[in-house]
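Chemist: Here it is, the structure in full.
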Amino acid sequence: MCGIVGYIGNKQAAPILLAELQKLEYRGYDSAGIAVYGADGIRVVKAQGKLENLVRKADGGAALPGTVGIGHTRWATHGVPSETNAHPHTSDGGAITVVHNGILENFREIKQKLTRRGYVFQTETDTEVIVDLIDYYYNKYKGGPLDALSRFMTRARGAYAIAVLFRDFPDEIYVARKDSPMIVGVTENEAFVASDVPAIINYTRDVYYIDNLEMACLKAGGATFYNLDREVVEKQLVTVDLDASAAEKEGWEHFMIKEIHEQPRTVENTFRRYVNGGKVDFSECGITARDLTPSRIVITGCGSAYHVGVALQYVIEQLARIPVRVELASEFRYRDFIFEKNMLVIAISQSGETADTLAAVREAKAHGIKTLAIVNVQGSSIAREADNTVFTVAGPEIAVATTKAYSAQLIVGYLFALEFARASKKMDGATYSALLGEIASIPSKMETILAQKEIYQQFAAEHVTMHDVFMIGRGIDYAVCMEGGLKLKEVSYVHTEAYAAGELKHGTISLIEQGTIVVGVLTQSNVYEKTASNLEEVKSRGANVVGITFAGKKLSKEAASVNWTIPHIAECFAGSLLVVPLQLLSYYVSVQLGLDVDKPRNLAKSVTVE
């Protein structure tokens, strides 16, 4: 959600800023802009719509000469998408220019006060309030940029990451952060700021992670960090181990299909990282034996991460016999939650910056509850704040709709289920080894499904006019339907809903009419016949039914018009294979409709505000 970049060094800033913004397009945006400090002061160029509009307007960067600059891709929160509301924003007097990621919650109150002091606002954004408030403190107290920024941070409520150019300080970029992500990269003669590592990975792998309520002053070749009291904070320089090619399409038409095909490798890499000598080993994450015997587990996340939690709820309870509850992170801290001793809260987030999930971690820790994070990004806020963190080995995920990160999170969850079961003595060694072998077989079985992708491509082409899709299943099958339904609606804009199959007669079946597509998922043997009966019910009412089962099984013509199969695997791990056909279906429907697969409308990759 929004992207910030900045550069200061010995090269022309504008082309670098535009290239960095291109690497952040996956975060979601509706407009973009850059500001460069040149010989004639700070110049701003902004454009609505795709980044290519900005590139064209800025003549590839040639229109803004200078070696210091900041840039932004905006995802509208306050004010409609427009060139006027796009960032950067400049203060009323033109002395300060800001780009901002986040939401200033008390902007109306501040705006009223600034208006009474003579400030005139040109946009509908909360960001213009930020730049004018910094300008107000800068001019009133005459304490310099750090003083003005610290006063702003004390006054502001909400989440923000900002990069600031001061007209009086042409060789410096100032940044500040609260809750929204931001990193600083350095080389011998340059410094960079960005919302995410992929933006700067082609320029440097040496980065600093800015902590909450901290500021920094960037100069060519270095950065100095400060706390809210303007005291210098020592930071450790971290070398990022990231394959830059992972953020490139490498011949694939879209990132989404590339990342779907990367899932076997992602699963295998994640498995190998945490399995040694036939046993799961989380010792590098600081996991102790006591951590593996909680009395109760709460899993929290948003979107696809929440769906991972729903699937793991079934797996952990079945294998380890530990009560599990799954909570939407956006609801977690607003309930009067009942915490109990020896409870474990597992937070799942691809980016490690999801605002609601981060808030859930903080809420749990405030009550003295042990927290475990499953994230994909080292140095992210959730990774730093959770008591223990297990990293998935997915690499950068660029498409907005997650695929490989979801699969990697499931694998980590499976491994924890085995460890919970082993530590609580609910599983013997033979079963443990057999199930570990089943997990190890997932990559090759994913490859088998991917080799048959034309099946799903053909179905998408034949049913591209679909307008209502229902996905139904029971237990783990239902959990996967939730994720499959989200994928289809995310990238194709087709109305899709997932339902527990047993709930059909409680209202949903009234929506079934001639030609309605129903995807039925049936891999759980204890409810197979019941779900098959549900499919017969909807097919008899005119539904076009697709059944997904294990190889060797075939639904009757009364239950399904089309049969898709996945390779055999232990039923508790079926979700890892079932999701692949649903991902492929979603992708090919979107392609057939001519939509922007990687950047669906109104969506952002990382939701860093509530």
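Chemist: May I ask for the longest run of the chain untouched by chymotrypsin sites (Phe, Trp or Tyr not before Pro) that are loop-located per DSSP and have at most 14 neighbouring C-beta atoms (other than their own) within 10 Å?
Modeler: 340-610
Chemist: Of the heavy-atom accessible surface of segment 379-528 (probe 1.4 angstrom), what whole percent is carbon and sulfur? Can you show the working numbers first?
Modeler: On the way: 2590 of 5050 Å².
In segment 379-528, the share of accessible area belonging to carbon and sulfur is 51 percent.
Chemist: Could I ask something else about it? Going from most exposed to least, what order do Ser351, Ser330 have by accessible area with a 1.4 Å probe?
Modeler: Values: Ser351 15, Ser330 45 Å².
From most exposed to least exposed: Ser330, Ser351.
Chemist: Next question, about the same structure. Listed here are the pairs Lys489/Lys553; Lys57/Lys142; Lys178/Lys370; Lys46/Lys178; Lys453/Lys599; which of them are more than 31 Å apart at the Cα?
Modeler: In this structure, Lys57/Lys142 exceed 31 Å between Cα atoms.
Chemist: Right, here's the next one. With all protein chains present and a 1.4 Å probe, how do Lys235, Lys426 order by accessible area, largest first?
Modeler: Numbers: Lys235 45, Lys426 110 Å².
Listed by decreasing accessible area, they come as Lys426, Lys235.
Chemist: Which angle from 0 to 90°, rounded to the nearest 10, does the C-alpha axis of helix 355-366 make with the longest principal axis of the chain?
Modeler: Computed tilt is about 90 degrees.
Chemist: Multiply the residue gap between Leu511 and Glu447 by 0.36 nm, knock off their C-alpha separation, and tell me the result in nm, one decimal place.
Modeler: Residue separation times 0.36 nm, minus the Cα-Cα distance, leaves 19.5 nm.
Chemist: So how much slack lies between Asp59 and Lys11, counting 0.36 nm per residue of separation and subtracting their Cα-Cα distance, in nm? Walk me through the intermediate numbers first.
Modeler: Details: separation 48, 0.36 × 48 = 17.28 nm, distance 1.67 nm.
Once the chain is fully extended between Asp59 and Lys11, it gains 15.6 nm.
Chemist: Any idea of the accessible area per residue across the chain, 1.4 Å probe, to the nearest Å²?
Modeler: Values: 22720 Å² over 610 residues.
For the chain, the solvent-accessible area averages 37 Å² per residue.
Chemist: First check a/c for segment 329-401, with a ≥ b ≥ c the square roots of the eigenvalues of its C-alpha gyration tensor; if it is under 1.5, answer rounded, and if not, answer prolate when a/b is larger than b/c or oblate otherwise.
Modeler: Numbers: a/c = 2.62, a/b = 1.71, b/c = 1.53.
It is prolate, given that a/c is not under 1.5 and a/b is the larger ratio.
Chemist: Quick check for me: using +1 on Lys/Arg Cβ and -1 on Asp/Glu Cβ, what's the dipole size of segment 375-444 about its Cα centre, in debye to the nearest 20? Before the final figure, lay out the partial values.
Modeler: Numbers: 5 positive and 6 negative charges, 16 e Å.
Taking the Cα centre of segment 375-444 as origin, the dipole is about 80 debye.
Chemist: Further, regarding this structure: Which whole-Hz couplings ³J(HN,Hα) result when phi for each residue of segment 288-303 is put into the Karplus expression 6.51 cos²θ - 1.76 cosθ + 1.60, θ = phi - 60°, listed in order with x for Gly and Pro?
Modeler: Along segment 288-303, the couplings run 9, 4, 5, 5, 8, 10, x, 7, 7, 10, 10, 9, 10, x, 10, x Hz.
Chemist: Return the whole-Å distance between the Cα centroid of segment 295-329 and the Cα centroid of segment 94-120.
Modeler: Centre-to-centre (Cα) distance: 42 Å.
Chemist: To continue, here is another question. Whose amide H sits under 5 Å from the amide H of Ile346, counting only residues 5 or more places off or on another chain, with H placed in the peptide plane?
Modeler: For Ile346, whose amide H was placed from the backbone, the distant partners under 5 Å are Val298, Ile299, Thr300, Leu372.
Chemist: If you place +1 on the Cβ of every Lys and Arg, -1 on the Cβ of every Asp and Glu, and leave all else neutral, what size is the dipole of the chain about its Cα centre, to the nearest 20 Debye?
Modeler: I would put it at about 740 debye.
Chemist: Mind jotting down the distance between the C-alpha centroids of segment 338-361 and segment 454-506, whole Å?
Modeler: A separation of 28 Å, based on Cα centres.
Chemist: Same structure, new question: For segment 320-367, what size does the Cα cloud have along each of its three principal axes, sorted from largest down, in whole Å?
Modeler: Reported extents, whole Å, longest axis first: 30, 24, 16.
Chemist: Considering only protein heavy atoms, what is the solvent-accessible area of Cys572 at a probe of 1.4 Å, reported in Å² to the nearest 10?
Modeler: Probe radius 1.4 Å; accessible area of Cys572 about 10 Å².
Chemist: Here's something else I'd like to know. Report relative contact order for segment 62-113 in percent, whole number only (criteria: Cα-Cα under 8 Å, sequence separation at least 6).
Modeler: 28 percent.
Chemist: Please report, in Å, the Rg and the Dmax of segment 102-147, where both are computed over Cα atoms only.
Modeler: Gyration radius and largest Cα-Cα distance of segment 102-147: 10.7, 29 Å.
Chemist: Taking all protein chains as present, what is the carbon and sulfur share of the accessible area of segment 163-288, in % to the nearest whole number, probe 1.4 Å?
Modeler: Working: 2310 of 5470 Å².
Carbon and sulfur together cover 42 percent of it.
Chemist: Residues with amide H under 5 Å of Gly520's amide H, sequence separation 5 or more or different chain, H placed in the peptide plane at 1.01 Å from N; which?
Modeler: Here Ile472, Val546, Gly547, Ile548 satisfy the definition.
Chemist: So, one more: In a shell of Cβ-Cβ distance under 13 Å around Gly9, excluding Gly9 itself, what net charge do Lys and Arg (+1) and Asp and Glu (-1) give?
Modeler: With Lys, Arg at +1 and Asp, Glu at -1, the neighbours total -3.
Chemist: A further question on this structure: Of Gly102, Leu165, Pro145, which is farthest on the positive side of the dipole of segment 101-166, counting Cα position, with +1 on Lys and Arg Cβ, -1 on Asp and Glu Cβ, and the Cα centre as origin?
Modeler: Pro145
Chemist: With θ taken as phi - 60° and the coefficients 6.51, -1.76 and 1.60, list the Karplus ³J(HN,Hα) couplings across segment 588-601 in order, rounded to whole Hz; mark glycine and proline as x.
Modeler: 6, 5, 4, 5, 4, 7, x, 8, 7, 4, 6, 10, x, 4
Chemist: Which whole-number percentage describes the relative contact order of the chain, with Cα contacts under 8 Å and a sequence gap of 6 or more?
Modeler: Computed value for the chain: 12 percent relative contact order.
Chemist: Moving on. Can you list the residues, at least 5 places off or on another chain, whose amide H is less than 5 Å from the amide H of Val393, using H built in the peptide plane?
Modeler: Thr270
Chemist: With every protein chain in place, what's the accessible area of Met343 (1.4 Å probe, Å², nearest 10)?
Modeler: Surface open to solvent at Met343 totals about 10 Å².
Chemist: Put Thr516, Thr187 in order of accessible area, largest first, 1.4 Å probe: what do you get? Don't skip to the end; give the middle numbers.
Modeler: Details: Thr516 5, Thr187 40 Å².
In descending accessible area the options line up as Thr187, Thr516.
Chemist: If I stretch the segment between Lys113 and Arg205 completely, what's the gain in nm (0.36 nm per residue apart, minus their alpha carbon distance), one decimal?
Modeler: 28.8 nm
Chemist: ³J(HN,Hα) across segment 467-482 via Karplus (A = 6.51, B = -1.76, C = 1.60, θ = phi - 60°), whole Hz, x for Gly/Pro?
Modeler: Using θ = phi - 60°, the values come out as 10, 9, 10, 10, 10, 10, x, 10, x, 4, 4, 5, 4, 6, 4, 4 Hz.
Chemist: What's the percent breakdown of Cα-Cα distances in the chain across 20 Å bins, shortest bin first?
Modeler: Taking every Cα pair in the chain, the percentages come to 20, 49, 27, 4.
The values are calculated or read from the model by the stated rules, or taken from the named source; none is laboratory data. Since the model is a prediction, treat every value here as computed from it, not as a measurement. For neighbour counting, all protein chains shown are included, and Cβ atoms are generated from backbone atoms with ideal geometry for every residue, glycine included. Ligands, DNA and RNA are stripped out before the accessible areas are found, and what is left, the full protein with its side chains, is counted by its heavy atoms. Shrake-Rupley method; radii C 1.70, N 1.55, O 1.52, S 1.80 Å.
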